[in-house]
Amino acid sequence: MKLLFLGAGSGLGTDFGNFQSNMLLLTDSGKKLLIDCGTDIRFSLTKAGYVPEEIDAVYLSHLHADHIGGIEWFAFQRKFASQNGAPQLIAHERLVHPLWEHSLSGGLKTLDDREATLSAYFVVHVVNDGEIFNWEGLTLDLVQTVHIYSNKKLMPSYGLNIGYKGKTFLITTDTQFTLDRFKPYYRAATLIFHDCETLDVPSGVHTHFNQLDTLDPKIKAKLWLYHYNDGDLPDAKSHGFAGFVRCGQEFDLN
């Protein structure tokens with residue numbers, strides 16, 4: 001199994017050498033899971049040599065545009081330019097309704113023969129609280145993160161803890177620094193792919209490099225950092241991290 005970073009940048013990035021931090025999980029069986037589908041997915045997927053027809057399933061972590069902004073394009077590609085049928089869509093129960101009502105229905109709801117729903121484009125798998133979703137021999141544990149609040153209400157956002165052949169791989173997607181919440185996952189993980197803000201002035205909605213630098217050295221050694229900002233980056237390896245992920249970098253998870 002391999003994890004390919006189609007991009008490693010943040011939602012604020014303007015670096016044409018990088019893209020938003022969407023990923024492609026390549027299973028040993030040949031099935032492909034797209035982890036998030038942001039606004040520049042058509043460019044990042046093309047640069048990596050893939051087309052929507054090859055994607056078997058999409059996992060969505062939350063509703064920011066750098067994570068779902070390319071779904072309309074992807075849905076139309078699969079509906080009208082592919083012979084492979086509807087792909088699967090995997091998302092937490094708290095995301096599915098607002099994904100359609102607030103992000104996608106305006107562009108996707110009208111078909112010639114009917115008013116469409118999300119199931120006109122995807123085979124939708126709704127994952128409930130506490131549920132482990134099994135996909136192609138993998139266990140997908142959706143980990144709620146503390147990313148953003150709206151009017152003091154925590155908005156739904158979910159990292160992904162992937163179980164595979166006795167190993168676990170944690171992908172935080174977007175999160176603030178919440179050590180108590182993540183500590184058991186950090187300790188158990190074989191590798192960790194962690195969002196890492198590198199702005200001079202922290203935004204408060206992502207984990208910052210300086211916060212991650214306070215972690216136990218044993219945890220830092222298995223942290224790969226992504227979702228960083230444009231510009232110069234700290235020397236992650238000298239701080240004890242595995243490193244910064246680069247656009248197009250592929251990890252062998254076997």
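The values are calculated or read from the model by the stated rules, or taken from the named source; none is laboratory data. Note that this is a predicted model, so its numbers are computed, not measured. Cβ placement follows ideal geometry from the backbone for every residue including glycine, while neighbour counts extend to all protein chains displayed. Surface accessibility is based on the protein's heavy atoms, side chains included, excluding ligands, DNA and RNA. Shrake-Rupley method; radii C 1.70, N 1.55, O 1.52, S 1.80 Å.
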Residues (over 21 Å from GLY11 (Cα atoms) and touching a strand residue (DSSP E or B) at 6+ places or on another chain (Cβ under 9 Å)) located in the stretch 76-100: LYS79, GLY85, ALA86, PRO87, GLN88, LEU89, ILE90, HIS92, GLU93, ARG94, VAL96
Unique match (being among the small types (Gly, Ala, Ser) and on the phi < 0 side of the Ramachandran plot) among GLY107, GLY166: GLY107
Lone qualifier among ASP213, ASP195, ASP235 - being open to solvent by 30 Å² or more (accessible area, probe 1.4 Å), at pLDDT 95 or above and in contact with a His (Cβ under 6 Å, 6 or more places away or on another chain): ASP213
Set THR214, THR145, THR190: member being closer than 23 Å to LEU99 by Cβ, of a type in the set (Ser, Thr, Tyr) and out of contact with any Cys (no Cβ under 9 Å at 6 or more places or on another chain): THR145
Complete set of residues in the stretch 1-20 that are among the polar types (S, T, N, Q) and part of a loop (DSSP other than H, G, I, E, B): SER10, THR14, ASN18
Failed condition for TRP100, given (1) in contact (Cβ under 8 Å) with a residue 24 or more places away in the chain; (2) closer than 24 Å to ASP174 by Cα: (1)
Those residues of the stretch 198-209 which are surrounded by 14 or more Cβ atoms within 10 Å (Cβ to Cβ) and under 23 Å from PRO184 (Cα atoms), in sequence order: VAL205, HIS206, THR207, HIS208, PHE209
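Residues are listed down the side, and each one gets a yes or a no for (1) of a type outside the set (D, E, K, R); (2) over 19 Å from PHE193 (Cα atoms); (3) under 17 Å from the mean Cα position of the chain (by Cα):
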{"position": "GLY17", "(1), (2), (3)": "yes, yes, no"}
{"position": "LEU34", "(1), (2), (3)": "yes, no, yes"}
{"position": "ASP40", "(1), (2), (3)": "no, yes, yes"}
{"position": "ALA48", "(1), (2), (3)": "yes, yes, yes"}
{"position": "TYR59", "(1), (2), (3)": "yes, no, yes"}
{"position": "LEU89", "(1), (2), (3)": "yes, yes, yes"}
Residue list for the stretch 144-163, filter: assigned to a strand (DSSP E or B) and either of a type in the set (Lys, Arg) or surrounded by fewer than 19 Cβ atoms within 10 Å (Cβ to Cβ) (or both): GLN144, TYR149, SER150, LYS153, LEU154, GLY163
All positions within the stretch 161-180 that are under 13 Å from LEU253 (Cβ atoms) and either touching a His at 6+ places or on another chain (Cβ under 6 Å) or touching a residue at least 40 places away in the same chain (Cβ under 8 Å) (or both): ILE162, TYR164, LYS165, LYS167, PHE169, ILE171
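Residues are listed down the side, and each one gets a yes or a no for (1) of a type in the set (A, V, I, L, M, F, W, C); (2) closer than 30 Å to ALA242 by Cβ:
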residue	(1), (2)
PHE76	yes, no
VAL96	yes, no
ASP113	no, no
VAL124	yes, no
ILE132	yes, yes
HIS147	no, yes
GLY166	no, yes
GLN176	no, yes
Helices (runs of 4 or more DSSP H) completely within the stretch 21-134 that count 1 or more residues being surrounded by fewer than 18 Cβ atoms within 10 Å (Cβ to Cβ) and in contact with a Ser or Thr (Cβ under 6 Å, 6 or more places away or on another chain): 65-68
Single match in ALA221, ALA189 (criterion: surrounded by 18 or more Cβ atoms within 10 Å (Cβ to Cβ) and without any contact (Cβ under 8 Å) to a residue 40 or more places away in the chain): ALA189
